[in-house]
Structure formats: C-alpha cells, structure tokens
Amino acid sequence: MEYLGLAKFSYLKIEIYYTDIINIITLLIHMSNMNNIKQDGTGKRFNQGKIRVDLTPAFAQEEYCRVLTIGAEKYGASNWQKGMKWSNVLASLERHLLAIKKGEDYDVETGLLHSAHIMCNADDRQHKYLTQSRIGLDIGFINTNTIIPFQPACYITQEIHRDLTKDWLEINRLPIGPIYTVSSRQSKVDVVKSANLDIFVDDNYDDFVKINNAGVCCYLFDNDKNKKYNVGHKRLYSLKDLI
C-alpha cells in the first residue's frame, strides 16, 4: 500500500522514502516563512558598482542577436571565435558605417540594420585579453630583489646554467616554471617561438631587437648597459607593469 508516495507499508516492515519527506517538509517550512514575512518592498539587493545591463535597449539586443543568427546560418555558429585578421573585420565594419553615412539604414543582403552589423563587427574577435598571456623571462636580469607578480610561462637561460637556475629559483622562493636553454649553436628567437610565447622580457638589446623582428612582443628590462637605447614604451622598469 502506498501513501502519498512517501512510504510503503507492509505487515513486516515500513520503508520510508526519506528524500520525498525532506522535500515536502522543506516546502512546507518555506511556505510558512513566506506567510510570516511582511512584503513591504524593503528586500535588499546590492547592485552598486555593477554594470547597468538594464540600460541596454531590448530592441538593440534583439537586432544584435538577429545578425548573429544570420551569421551562424551563413558561416556556422560562433565562427568568429576561430579568429581572423582585424583588417577583414574592420573592412566589414567600415562598409556598414559608410552605408549609414550615405543615408542607408538597412543592409540589402540581410535586411537588418547596418548599425546592428556594426555592433557585431565591433565585437567579432578572439578575446585574448580575457586569458593570461604567456610571458617568458630571460633569467639574466632576475635577482633576489626581483618581484615576479605572475606565473611565468617559462624561463630561458644558457644551457650550462639550467640546473643551477632551478635550484636558485627554489632557494629564493621565486615562481617555478619550465626552464628552456639556449645552446651555443641556437638562437634565443627559436626558443622563444617554440615556447609559443606572447610576450618575452630580456635585458639584452640585441636579443630584444631580434625577438621583436621575429614577431614576438619583447620588452627591454632596464639596466645600465641598455639605457642608451631609445626603445620607447617597450622599456620595462618593473615586471608589475605587465599586469
């Protein structure tokens, strides 16, 4: 015999479905509390300092999503996440902007607002800034007073110093990371590129130039020997400036 789906009775034993009982009791307590609470509109919600999503017009959101929907049908869903040249994105954005300047509101191909297409193009990119850049450090400029406020993707050092470098980092309680070595027959540029780094920091001016010319962003860490070189904003005085 079943009673309210809660228990099963027999002559010899009683089997209780505890989960059902707890759920019913919880619901009854919640309903009881609701009856005892005075609903006077004084409930709290701490929204100060948060973005005002409520200020976004519903119409703008809807038109933005219409363009994304057509884009998914044409190119595949989330195609933009694969990344593309910024020049292609800007070219598309500027075509829609030019059409607006000429007095055209709706795109001929999609029938949607040019302004909605501009919204999508303005956000149509890989958001690398949301992820931690892979930053590599040359071990040469690091000393016991150096503050490393992030986890390096790797360190680069001379081949003969690899074991010494690891022990030295541990002794001085500096972040431990992979240590790549440069042999006498090897270019530091090759090691930097093989490590797939986004940013590298070196205090050697010649290596700084070579790495930048190879397409990897490199900063020159300031020291007395390289002060004579004018490298503009790529001179670094503290690793804190990278975060």
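The values are calculated or read from the model by the stated rules, or taken from the named source; none is laboratory data. Since the model is a prediction, treat every value here as computed from it, not as a measurement. So basically every Cβ, Gly included, is an ideal-geometry build from the backbone, and we count neighbours across all protein chains shown.
Here are a few things to note about the model shown:
- Out of Ile171, Ile179, sole residue that is free of Cβ contacts under 8 Å to residues at least 12 places away in the same chain and not basic (Lys, Arg): Ile171
- Residue within region 83-93 that is in the same structural domain as Met119 (by TED's automatic domain parsing), touching a strand residue (DSSP E or B) at 6+ places or on another chain (Cβ under 6 Å) and either modelled with pLDDT of 85 or more or surrounded by 10 or more Cβ atoms within 10 Å (Cβ to Cβ) (or both) present: no
- Sub-7 Å Cβ pairs linking a first residue in region 203-220 that is in contact (Cβ under 8 Å) with a residue 60 or more places away in the chain and under 13 Å from Gly136 (Cβ atoms) to a second residue that is basic (Lys, Arg) and buried (at least 17 other Cβ atoms within 10 Å of the Cβ), at least 6 apart or interchain, are Asp207/Lys188, ordered by first then second residue.
- Among the residues of region 207-238, those that are loosely packed, with under 12 Cβ neighbours inside 10 Å and closer than 22 Å to Ser194 by Cβ comprise Asn213, Gly215.
- The combined condition, being touching a strand residue (DSSP E or B) at 6+ places or on another chain (Cβ under 8 Å), modelled with pLDDT of 65 or more and either among the charged types (D, E, K, R) or exposed (fewer than 13 other Cβ atoms within 10 Å of the Cβ) (or both), is fulfilled by Glu63.
- Close pairs (6 angstrom Cβ cut-off, 6 or more residues apart or separate chains): over 12 Å from Cys65 (Cα atoms) in region 107-123, among the hydroxyl-bearing types (Ser, Thr, Tyr) and surrounded by fewer than 20 Cβ atoms within 10 Å (Cβ to Cβ) anywhere: Asn121/Ser92
- Of the criteria (1) surrounded by 17 or more Cβ atoms within 10 Å (Cβ to Cβ); (2) more than 30 Å from Gln81 (Cα to Cα); (3) under 26 Å from the mean Cα position of the chain (by Cα), which one Gly177 fails: (2)
- Residue match in region 219-229 (condition: part of a helix (DSSP H, G or I), in contact with a helix residue (DSSP H, G or I) (Cβ under 9 Å, 6 or more places away or on another chain), farther than 24 Å from Pro149 by Cβ and charged (D, E, K, R)): no
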